[in-house]
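Note sheet for the following structure.
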Amino acid sequence: MTESTIKVALLGAGTVGSQVAKALTEDSEELSRRIGAVPELIGIAVRSLDAERDYQADPGLYTTDAETLIDGADVVIELTGGMEPARTRILRALEQGKHVVSGNKALLAAHGAELHRAAAENGAQLSYEAAVAGAIPILRPLRDSLAGDRVTRVLGIMNGTTNFMLDAMDSTGAQFDDALTEAQNLGYAEADPTADVDGLDAAAKAAIVASLAFHSEFTIDDVHCQGIRDITADDVAAAAEDGYVIKLLSVCELDGDGVNIRVNPTLIPRSHPLASVRDAYNAVFVESRDAGELMFYGPGAGGAPTASAVLGDFVSLARRSVLGGPGVPDSSYAGLKATSLSNVVSRYTVGLRVRDKLGVLAAIANVFAEHGVSIQTMHQTKHREKEDVEGDHATIRIVTHKTSDESLRSTIDELSSLSTVYDVTSVIQVEG
């Protein structure tokens with residue numbers, strides 16, 4: 001690395017990559033003042049040289065030869081996404097001692113430990129603030145600002161698409177499919193929304209957050225994941241009636257000698273700070289021993305917001321390099337393991353569609369009692385004739401006191417076998 005120039009290789013020129021290219025090109029002078037050296041964008045690796053882009057840089061910068069571009073750089077910014085060739089390219093850079101900035105949550109959630117080891121062995125810095133919650137600074141506060149504290153729990157809304165959908169269902173009464181269509185029309189959801197609505201995107205972010213918060217190595221395979229496909233307008237309306245809102249929460253919390261990491265739809269009181277997070281925004285709520293409760297809020301996606309996080313990482317590691325300081329190492333000394341979902345203790349709401357006849361409620365209450373699950377409230381929310389069942393039926397909604405997930409699941413299994421229970425329509429965790 002020269003004294004006056006930092007050569008930057010940018011991999012990817014999509015929505016975020018184009019914004020990063022624009023900033024490196026048009027804000028070079030300002031970035032130079034902050035870094036203490038001139039950032040020189042030496043090339044942009046793309047799949048197609050002829051593709052249409054949100055920002056068109058100098059045509060001579062675009063190349064399909066990412067490997068040669070990496071070899072000539074001081075810093076590599078990877079914004080291509082996916083597992084391969086992103087993993088191989090990042091390892092190529094790190095093994096040459098080149099610093100890397102990435103926003104690739106899926107890759108980091110699967111191979112973060114491998115990439116961190118490569119960085120440590122070669123004196124390189126690996127930074128990835130943009131991988132979680134877009135523009136919201138959450139990873140560096142967990143890694144740096146709270147390094148002297150003891151984080152006990154992190155919960156948050158880490159996927160803007162599902163938050164937009166659930167907010168639309170809450171505020172307008174929309175059905176799931178209608179909310180999804182609107183999210184796709186507005187560009188919040190992809191044509192294939194699987195990663196969002198099935199919770200996989202949030203699960204990858206939860207694994208990254210848990211690794212930093214609890215100084216241990218976790219992957220997406222350690223995350224218990226449930227999406228929002230089964231959430232209905234009836235569920236959302238019933239939650240509102242009881243003073244709750246449904247959010248897809250990512251939760252990482254100390255659980256004895258381990259950490260429980262999960263993503264699932266959750267009822268939270270409307271008085272909770274996370275309940276007010278609307279549209280496609282994200283928010284992360286951190287609880288720690290000394291600092292207490294902290295909340296980080298802001299846009300969780302989008303080209304410019306995510307580019308802000310990428311450039312923040314870039315300026316930070318570039319400034320450190322200019323001054324000759326070492327990179328920030330990965331901290332996994334604690335070695336905590338992921339715990340089973342059966343250990344989780346919480347309240348739950350259970351929806352049942354049952355035969356409307358004498359003794360049904362007593363039989364249901366007895367099943368809960370047999371499994372040691374205490375009922376807080378039980379009420380009938382609907383009562384109507386339905387063509388696909390014989391006779392009248394009722395829809396029952398039950399809220400439990402705190403119980404283990406294991407006890408709750410065994411209760412649900414037995415309820416499902418009762419001849420008077422047509423369906424278990426929903427099982428949703430209750431927070432707070």
Counting just the residues of the stretch 292-312 that are open to solvent by 50 Å² or more (accessible area, probe 1.4 Å) and over 14 Å from the mean Cα position of the chain (by Cα), which one comes out farthest from SER145 (Cα to Cα)?
ALA304
Could you say which residue among ALA118, ALA147, ALA135 is of a type outside the set (Lys, Arg) and at pLDDT 95 or above?
ALA118
Taking the criterion of being at pLDDT 90 or above, under 25 Å from ALA275 (Cβ atoms) and either among the aromatic types (Phe, Trp, Tyr) or outside any strand (DSSP E or B) (or both), would at least one residue in the stretch 348-360 satisfy it?
yes
Name, by its number, the condition in (1) open to solvent by 10 Å² or more (accessible area, probe 1.4 Å); (2) within 27 Å of MET83 (Cβ to Cβ); (3) in a helix (DSSP H, G or I) that does not hold for ASP192.
(3)
Would you check if PHE285 is hydrophobic (A, V, I, L, M, F, W, C) and farther than 25 Å from ALA23 by Cβ?
yes
Which number in (1) closer than 26 Å to THR219 by Cβ; (2) surrounded by fewer than 18 Cβ atoms within 10 Å (Cβ to Cβ); (3) among the aliphatic types (A, V, I, L, M) marks the one condition that LEU49 misses?
(1)
Give the residue that is farthest from GLN175 (Cα to Cα), with candidates limited to residues of the stretch 222-239 that are open to solvent by 40 Å² or more (accessible area, probe 1.4 Å) and touching a residue at least 40 places away in the same chain (Cβ under 8 Å).
ASP222
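Out of GLU95, GLU78, which single residue is of a type in the set (D, E, K, R), buried (at least 24 other Cβ atoms within 10 Å of the Cβ) and in contact with a helix residue (DSSP H, G or I) (Cβ under 7 Å, 6 or more places away or on another chain)?
GLU78
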Restricting the stretch 143-185 to residues that are within 30 Å of SER316 (Cα to Cα) and out of contact with any strand residue (DSSP E or B) (no Cβ under 7 Å at 6 or more places or on another chain), the one most open to solvent (accessible area, probe 1.4 Å) turns out to be SER145
If VAL315 satisfies all but one of (1) modelled with pLDDT of 90 or more; (2) surrounded by 20 or more Cβ atoms within 10 Å (Cβ to Cβ); (3) more than 24 Å from the chain's Cα centre (by Cα), what's the number of the condition it fails?
(2)
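The values are calculated or read from the model by the stated rules, or taken from the named source; none is laboratory data. Remember, predicted model here, so these are calculated numbers, not experimental data. Please note: Cβ atoms are built from the backbone with ideal geometry, for glycine as well, and neighbour counts cover all protein chains shown. Areas reflect the complete protein model, heavy atoms only, side chains present, ligands, DNA and RNA absent. Shrake-Rupley method; radii C 1.70, N 1.55, O 1.52, S 1.80 Å.
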